[in-house]
1. Fully extended, how many nm does the chain gain between Glu16 and Val83 (0.36 nm per residue separation, minus their Cα-Cα distance)?
2. Any lysines with Cα under 29 Å of the Lys14 Cα? List them, leaving off those in the same chain fewer than 8 positions away.
3. On alpha carbon coordinates alone, what is the Rg over Rh value for the range 1-46, Rh being the Kirkwood radius?
4. Please give the per residue accessible area of the range 53-92, computed with a probe of 1.4 Å over protein heavy atoms only, in Å².
5. How high is the relative contact order of the chain? Use alpha-carbon pairs under 8 Å, at least six apart in sequence, and give a whole percent.
6. Quick check: the angle from helix 70-90's long axis to the longest principal axis of the chain, C-alpha only, nearest 10 degrees?
7. With axes computed from alpha carbons, what is the tilt in degrees of helix 56-67 against the longest principal axis of the chain, rounded to the nearest 10 within 0 to 90?
8. Take the alpha carbon gyration tensor of the chain, find the square roots of its eigenvalues, order them as a ≥ b ≥ c, and report rounded if a/c is under 1.5; if not, report prolate when a/b exceeds b/c, else oblate.
Amino acid sequence: MAEYSDLSTNFISKLERGQKTNINLLKLYAICQALGISISELLQEENNISLETLTPSTLRLIHELTAMDPIPSERISQHILLVLDDFKMVYK
C-alpha cells in the first residue's frame, strides 16, 4: 500500500494497526487512488456511512473537496477541521 500510495511504510503500518486515526484528506485520497476507490466508497464501507444519510451540504462539501487539487483541498480540510474542533469545545 505504501508503495502504491506514495506514503511511508511507517504511516501505513500505524494506520493499519489503529495507532494512527487522524488522517488528512490528501493522504486519504492517495490511499483511495491506490485502492482504486473513491473516498465516499471507503467511508461508506469502513464506517457504515450511507450516502443517503448525509445532508445535501455534507455531500456537496465532500464533492467539492474531492474535485479540487489535493493540496488546496487539504488546506481547506484542515481549516474545516479546526472549526469543527472549536465547535465541539464550545458545545460540549
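1. Gain on stretching Glu16 to Val83: 21.4 nm.
2. Qualifying lysines at Cα under 29 Å: Lys27, Lys88.
3. Value, to two decimals: 0.93.
4. Spelled out: the 1.4 Å probe surface of the range 53-92, per residue, equals 86 Å².
5. 25 percent
6. 50 degrees
7. 40 degrees
8. Verdict is prolate for the chain.
The values are calculated or read from the model by the stated rules, or taken from the named source; none is laboratory data. If you're wondering where the values come from, they're calculated on a predicted model, not measured in any experiment. For accessibility, only protein heavy atoms count, side chains too; no ligands or nucleic acids. Shrake-Rupley method; radii C 1.70, N 1.55, O 1.52, S 1.80 Å.
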